Amino acid sequence: MGSGSGFGKVILFNEHFVVYGIPGIVSAISSVAQAEVSRTGEGISLKDARKGAEGYTEKKKTQQKESIERMLRAMGINSEKTSLEIWLGGNLPGFSGIGASAASSVAIARAIAEEFKMDLPDERINEIAYEAEKAYAGTPSGIDNTAATYGGLIWFKKTMSGGSNIVERLTLEEPVEIVIGNTGIVADTKEMVAGVAARKEKDPERYNLLFEQAGELAFEARTALKAFDLRKAGKLMNESHRLLREIEVSCEELDCLVNLAQEQGAFGAKLTGGGGGGCMVALTPSKDLQEKVATTIEDEGFEVLRTKIGV
Ligand code: MEV
């Protein structure tokens, strides 16, 4: 049997914009997806035992199947002639927006590699997970699988000419508490990414302006995080949410979670991931502030995850 894991993530700045080569900032969270794989059974079977995965798995079933086929192809394994039993678990819930798909792809790729005694470096695991991500996101930037593979806080820029992406590790003075609030809506990242592409094509002037603003914001955010200026970083997260609203990837429930977090004193809050449902991330330095924001969101009937960035 082979086993492996992959990190969950929150995108702090510039989801969607990263697909077009605008820099983004992502942090892994301490929750992980875990996979175990054995060459037993008949055909390819998958048991998804992740918490909160019921609705998620149902909705993502077709994409999950495609992602595993893509992964096997990328690893040079013939799915027609192979029997695999895949088990998926870990403490990363199956919420949309926190990299559950990329984390599971990395975990499964590592587990398959171990089962087939392939000695694959992280760089190769990342490439394989990127192939698998295409099933979930259509034209992914690569930010999710990069965070899932390497962990930590990362400055990411997709290289549009096809070369290697820019991946730079950032460090925080110390880890910072965040709250992730789940709208409970399982969103389709592929549709969200395609929606942005269609609107961008229809209104290039307006979108180019928004994309320019997103680019500037990324550099300001990087400076703020490096200086550990969390107030500033939080304000920029609010600004990032505004830009994401402008490109129409937020929804009523996400805006509601962002407002709740801001009202409770979060330094900043925004949607995280593909949007259209899924999750919101709030920057809540200190245990007390984290608890205040988290319980308020829970009292409104939403699920939360209390975790840290920059671990
Ligand atoms: C999804 O977590 C992030 C998106 O920007 C898609 C991607 O970058 O692959 C929406």
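I'd like to know if segment 286-296 contains one or more residues that are free of Cβ contacts under 8 Å to residues at least 24 places away in the same chain and farther than 27 Å from residue 228 by Cα.
Of the residues in segment 286-296, the ones free of Cβ contacts under 8 Å to residues at least 24 places away in the same chain are 288, 291, 295.
Filter once more, so that each one left must be farther than 27 Å from residue 228 by Cα: none.
No.
If you check residue 239 against the conditions, is it away from the ligand (no atom under 16 Å from the Cβ), open to solvent by 10 Å² or more (accessible area, probe 1.4 Å), among the acidic types (Asp, Glu) and touching a strand residue (DSSP E or B) at 6+ places or on another chain (Cβ under 9 Å)? When the stated conditions are applied, residue 239 passes them. Scan segment 97-111 for residues that are among the hydroxyl-bearing types (Ser, Thr, Tyr) and either open to solvent by less than 10 Å² (accessible area, probe 1.4 Å) or away from the ligand (no atom under 16 Å from the Cβ) (or both) and the total you get is 2.
Just one of the listed residues (215, 184) is more than 13 Å from the ligand (Cβ to nearest atom), in contact (Cβ under 8 Å) with a residue 60 or more places away in the chain, on the phi > 0 side of the Ramachandran plot and touching a helix residue (DSSP H, G or I) at 6+ places or on another chain (Cβ under 8 Å), namely 184.
Could you give me the residue pairs with C-beta distances under 7 Å whose first residue belongs to segment 12-24 and is under 20 Å from residue 280 (Cα atoms), whose second residue is among the β-branched types (Val, Ile, Thr) and assigned to a loop (DSSP other than H, G, I, E, B) wherever it lies, and which are 6+ apart or on separate chains? From segment 12-24, the pairs are 14/22; 16/247; 16/249; 19/139.
Does residue 288 fit the bill of being open to solvent by less than 60 Å² (accessible area, probe 1.4 Å) and assigned to a helix (DSSP H, G or I)? Quick ask: steps written out before the conclusion?
On the way: open to solvent by less than 60 Å² (accessible area, probe 1.4 Å): no; assigned to a helix (DSSP H, G or I): yes.
No: the conditions fail for residue 288.
On the basis of being at pLDDT 95 or above, under 23 Å from residue 57 (Cβ atoms) and away from the ligand (no atom under 14 Å from the Cβ), does residue 253 make the cut? Spell out the reasoning first.
Working: at pLDDT 95 or above: yes; under 23 Å from residue 57 (Cβ atoms): yes; away from the ligand (no atom under 14 Å from the Cβ): yes.
Criteria met by residue 253.
Residue 134 passes every criterion in (1) more than 20 Å from the chain's Cα centre (by Cα); (2) within 11 Å of the ligand (Cβ to nearest atom) apart from (1).
Filter segment 5-27 down to residues that are of a type in the set (A, V, I, L, M) and open to solvent by 10 Å² or more (accessible area, probe 1.4 Å) and give me whichever is nearest to the ligand (Cβ to nearest atom). Working first, answer last.
Filtering segment 5-27 down to residues of a type in the set (A, V, I, L, M) leaves 10-12, 18-19, 22, 25-26.
Now drop any that are not open to solvent by 10 Å² or more (accessible area, probe 1.4 Å), which leaves 19, 22.
Values: 19: 5, 22: 10 Å.
Here the answer is 19.
The values are calculated or read from the model by the stated rules, or taken from the named source; none is laboratory data. Just so it is clear, the structure is predicted and the values come from calculations on it, not from any experiment. FYI the Cβ positions are ideal-geometry reconstructions off the backbone, even for glycines, and counts take in every protein chain you see. Calculation scope for accessible area: heavy atoms of the full protein, side chains included, ligands and nucleic acids excluded. Shrake-Rupley method; radii C 1.70, N 1.55, O 1.52, S 1.80 Å.
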